[in-house]
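The values are calculated or read from the model by the stated rules, or taken from the named source; none is laboratory data. All figures in this text were calculated on a predicted structure; none of them were measured in a lab. Note that we place each Cβ from the backbone using ideal geometry, even for glycine, and neighbour counts take in every protein chain shown.
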Amino acid sequence: MKWLVTGLALTVAALPVAAAPAPVEEIRPGILRGYLAPQQLPDAGALLPPAPRYDSPQAHSDREQALSMLALQGSPRWQRAAVDAQLQFPAALESFRCALGVELSESRTPYLYQLTRRTLADAGLATYSAKNRYRRDRPFEENGAPICTPGERQHLAEDGSYPSGHTAIGWAWALIYSELLPQRRDQLLARGYQYGESRAVCNVHWASDISAGRVVGSAVVAALHSSAEFSADLAAAKRELASAPVARDCDDWDQLDAEDRSE
């Protein structure tokens with residue numbers, strides 16, 4: 001019997017993987033359905049502490065940090081933060097392309113492309129039980145200064161600041177990519193950390209929003225490992241990365257990453 005089980009396992013492992021994943025429906029324009037059902041998402045409202053009160057020491061610290069970030073407006077770091085703000089595909093791939101060290105696209109790496117899109121929904125939606133509970137104002141609403149994406153100012157003002165959804169997404173991606181390419185773990189986690197810091201550079205999130213976003217991102221990745229569909233797509237993405245072309249034109253990104261780590 002043992003030989004039969006072993007043989008079946010080897011047969012399943014050897015089955016060919018489809019050249020591309022099956023299509024997944026959009027839950028809203030441009031956003032694919034995630035891997036987790038609503039009831040499977042981490043409850044940010046339960047796992048996070050309350051948003052800092054306006055007159056609390058944490059809120060005062062948040063304001064001091066936000067004011068210090070205003071000096072970066074117009075700098076290369078500000079421009080990087082504007083790139084990190086993009087969640088539309090394929091533009092969203094640019095933020096991690098150089099840290100991954102490979103060129104990503106729907107045609108070259110279809111499993112990783114779709115996995116990245118689907119986990120965006122999981123990590124982003126997981127923040128809303130806390131966002132809707134606390135409805136925290138954003139830094140630009142208080143200081144009136146510019147943001148990296150002025151066209152999103154009204155939308156962001158209507159969306160609670162705590163926790164940061166972008167940070168949850170970016171940190172989840174960094175953790176997932178680190179599983180796929182453990183030899184680039186340090187670069188990927190550093191990039192994921194700076195991706196969250198970009199929200200402070202952009203004047204759209206407080207420091208405590210960003211820290212909370214990383215907690216939610218970590219919780220989402222833990223939950224994703226209970227999904228057989230996610231695990232299968234992760235394995236397929238790992239296989240296709242082995243033949244993905246090397247990322248090009250990364251000198252400027254690498255220099256900014258090095259400067260970020262030295263601060």
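Yes/no per residue for (1) touching a residue at least 60 places away in the same chain (Cβ under 8 Å); (2) under 19 Å from Arg77 (Cβ atoms):
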site	(1), (2)
Glu142	yes, no
His166	yes, yes
Ala172	no, no
Gln194	yes, yes
Ala207	yes, yes
Inset, instruction - State whether one or more residues within the range 80-100 are loosely packed, with under 14 Cβ neighbours inside 10 Å, assigned to a loop (DSSP other than H, G, I, E, B) and in contact (Cβ under 8 Å) with a residue 40 or more places away in the chain. - result: yes
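Have a look at Ala130, Ala200, Ala126 and point out the one that is crowded, with 21+ Cβ neighbours inside 10 Å, small (Gly, Ala, Ser) and under 23 Å from Trp78 (Cβ atoms).
Being crowded, with 21+ Cβ neighbours inside 10 Å, small (Gly, Ala, Ser) and under 23 Å from Trp78 (Cβ atoms) holds for just one of Ala130, Ala200, Ala126, which is Ala200.
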Legend entry - The lone exception for Pro52 - which of (1) outside any helix (DSSP H, G or I); (2) over 24 Å from Ile147 (Cα atoms); (3) at pLDDT 95 or above it fails: (2)
Inset, instruction - Identify the residue in the range 54-79 that is among the charged types (D, E, K, R) and closer than 28 Å to Leu175 by Cα and, among all such residues, is surrounded by the most Cβ atoms within 10 Å (Cβ to Cβ). - result: Asp62
Inset, instruction - Keeping to the range 29-69, report how many residues are in contact (Cβ under 8 Å) with a residue 12 or more places away in the chain and of a type in the set (Asp, Glu). - result: 2
Legend entry - Which numbered condition Ala18 fails, given (1) at pLDDT below 95; (2) in a helix (DSSP H, G or I): (2)
Legend entry - Among (1) part of a helix (DSSP H, G or I); (2) surrounded by fewer than 20 Cβ atoms within 10 Å (Cβ to Cβ), the one test that Asp137 misses: (1)
Inset, instruction - For Ala168, indicate whether it is aliphatic (A, V, I, L, M), buried (at least 24 other Cβ atoms within 10 Å of the Cβ), farther than 15 Å from Gly101 by Cα and under 16 Å from the mean Cα position of the chain (by Cα). - result: yes
Inset, instruction - Pick out the one residue from Ser178, Ser227 that is touching a helix residue (DSSP H, G or I) at 6+ places or on another chain (Cβ under 6 Å), among the hydroxyl-bearing types (Ser, Thr, Tyr) and either under 15 Å from Arg97 (Cα atoms) or touching a residue at least 12 places away in the same chain (Cβ under 8 Å) (or both). - result: Ser178
